[in-house]
1. Return the Rg/Rh ratio of the stretch B:110-213 with Cα-based radii and a Kirkwood Rh.
2. Can you give me the solvent accessible area of A:GLU345 with a 1.4 Å probe, rounded to the nearest 10 Å²?
3. A drop of at least 40 square angstrom in accessible area, chain alone versus all protein chains together, probe 1.4 Å. Which residues of the stretch B:25-39 meet that?
4. So what's the protein assembly as shown giving for Rg/Rh, alpha carbon basis, Kirkwood Rh from the mean inverse pair distance?
5. Which percent, to the nearest 5, of DSSP beta bridges fully inside chain B are antiparallel?
6. For the stretch A:23-108, with only Lys/Arg (+1) and Asp/Glu (-1) charged at the beta-carbon, what is the dipole magnitude about the Cα centre, in debye rounded to 20?
7. Specify the inter-centroid distance of the stretch A:85-113 and the stretch A:357-398, based on alpha-carbon positions, in whole Å.
8. Given springs between every Cα pair under 10 Å in a Gaussian network model of chain B, which of B:GLY281, B:GLY205, B:GLY99 has the largest fluctuation?
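The values are calculated or read from the model by the stated rules, or taken from the named source; none is laboratory data. Computed from a predicted model, the values in this text were never measured in an experiment. Cβ placement follows ideal geometry from the backbone for every residue including glycine, while neighbour counts extend to all protein chains displayed. Only protein heavy atoms, including side chains, enter the accessible area calculation; ligands, DNA and RNA are left aside. Shrake-Rupley method; radii C 1.70, N 1.55, O 1.52, S 1.80 Å.
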Amino acid sequence: MSISTFMGLQTSLRGLVAQQRALDATSHNISNASTTGYSRQEAQMQATDALLDRPAGMLGTGVDVVGYARIRDSFLDLQYRAQSMQLGYGTTRTDSLEQVELRLAEPGDNGIAARLNSFWSSWSDLANAPESGAARGALIADARTLASSINALDDGFETVSAQAAQQLSLLTATGGELQGIAREFAGLNGAIRDAQHVGAQPNDLMDRRDMLLDKLSSLAQVTVADDGAGSISVTLGGAAAPLIDGSTVNWPAPAMPNPGGKIGALMDAASPTGTIATYRSELGAFAQSLTTKVNAIYNPAAGTNFFAYDAATATLSLDPGVTPATVRAGAGAPGDNSAALALSELSNEPGGVNDSYAQLVTRIGTEVADAKRTATNANALSNSIEDRRQSTAGVSLDEEMTNLIRFQRGYQAAARAMTTTDSMLDTLINRTGRVGL
Amino acid sequence: MITRGIVTDLNDIATRVSHTQQKLASGKELTRPSDDPFATGRAIGLRTELAGLEQYQRNVDDAEAWTSVTENKLSTMTDIVHSARELLVRGSTGTTSVGDRKIIADEIDGLIAAAKDTANATYAGRSLFAGTATATKPYGAASDAYLGDAGDVVRSIGPGVSVIVNARGSDMLGNGADGKLLNTLRDISAHLRGGSAADIAALGGSDLVGMDRSLDNVLNVRAQVGSTASRLEAANNRLAEIEEGVRGLLSKVEDADMAATMIEYSMQQSVYQSALRAGAGIVQASLLDFLR
């Protein structure tokens, strides 16, 4: 079989077209240089099938673009998602715990420690002047302030917890962010499967889906399963059933035994057995022990309790029988200050109420510092993984400009090859066989 | 990628600068418990200790006021006892006439009233010598019975340390017929008025002994109150010293080291500025600048 005279034209044309596609892919990259979640694409070129040119051998026939590859490292994606979950958990936990910490107002002159100190001082002042109406009035005022600041702190903790519950419901309720992401994800699953079915590779849809997966991973722990036909099913927080199964969304979301991420942190903050709840119960135990210890000394002397603590509503209040007129410093004569003295000594009791409050503050401080550290570490790690991911998938304008030049020159060279073939054909067609004309 | 890195680093430095600025503005190393949980726990403990020390100093001040008024009254009481003893000595000599003895007896009666008045002294509306029955005057005009109680007026002057600041009237003036001052003076007055040989003998004998015993009682009480006063003074000095120490510790735990923080601040600022400059330089350079 002889080879067509016009083959050179075809070969050049293939070259022109291929370089043009490569230029198109490059300009797509440049256009998306700042698109979040975009992965760099590359036109994959392959030499077309050769022609048999006996006896010389195989003659190349040019080039074809066989696909547009999406440059992405899925291993880095996995690493990124693990850190993203840690980061989501750490920052959300830090946010709510920092609010708890701010409400403590320690160390300072406005916290409960200061109120407690002035409460003990008031007993001591009363011991110095057991008959004095002013000292009684001051004691009652200090006791009320102490009780109300303990109650206010508990209310503050409750508010932080309630805010977390509200955020959680905004996130996970029907119509919330999670359902929105899941729906879009399922839609993309369907579109990608359909496109792959007809042999196309929907790179930009896959980028969008990966970005949603990144978002999901900051919300909760994500487990993915690729069905090989273009769909990815997603299970959140170690649930028994997947949230997104192909192009369907299981809603309401299956229960997450081990959520992690932002949802995990919010669930912990909102839960009646979570971190903030343990702070509340520790504060309650502190108020209870304050009540018990004060009453144990005050009641025998005065015949009534001093404090009343209602564990159900977590409210500390003064016994109704305690008023500036009735409060007593001791059981005996007007000058007896034995009870007031013993009460003021409670401030020095080792392992007493002051210590248990200081322990609560230290514990909260330690846990906030821990949460901050976790968030900072996860941030640093996810940044460095994101850097590595970007170095693969990200668009480098320098590289794209170089490619632009490369493909432009390739196009020019292919055009020149075509011109050369053309002038060769011109010689053959228009100037050959004209001898003697 | 470079741009993201620069932004992250700049944010990082800005956060640190703002934290240092917070320290400078508040003058505190600890602005919240998570800055240093252990130090926060310690600061709370030290603040409690400090509040306690301030309270103990107030207690000591109150106790000192109480003892100084008591000492003052006791000195008056000593004068009364001395006068009574002089009168007794004058009345017990055989040369004193019956009329003179009667005059002396009247004077002794006056001293009894004065002793009771002194024992009924109050400080800030509280009876000094009535034990804890501070609302009651220890001696009434009609009888010599002690109307106060045996309670101690106690002031707390340190953790677990308390002192008794009061002196009871019953220890000096007595309670009815118990051989103490009032009883002795009443006897003397009766003997002076009686004028029999036995009475005169008693004046120079048992009455003088009783008088000396009463003087001893008053002086003993004075000595006790005096030693309490010096104990209080020592406590005051000690508390002030400890307070100074605890304040120093608290400041070490809580307060920022201004010089070091200032240096840290200016260092961070210059780092921030050079990071900004470097960032601006890197972001501008691109292959695009060099292509036609």
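1. Details: Rg = 16.7 Å, Rh = 15.0 Å.
Checking Rg against Rh, the ratio lands at 1.11.
2. 50
3. Residues meeting the cut-off: B:ARG32, B:PRO33, B:SER34, B:PRO37.
4. On the way: Rg = 47.4 Å, Rh = 35.0 Å.
Here Rg/Rh amounts to 1.36.
5. Values: 8 of 8 bridges.
About 100 percent, rounded to the nearest 5.
6. On the way: 7 positive and 11 negative charges, 18 e Å.
Charge dipole, the stretch A:23-108, about its Cα centre: 80 debye, nearest 20.
7. Each part's Cα centre sits 17 Å from the other's.
8. B:GLY281
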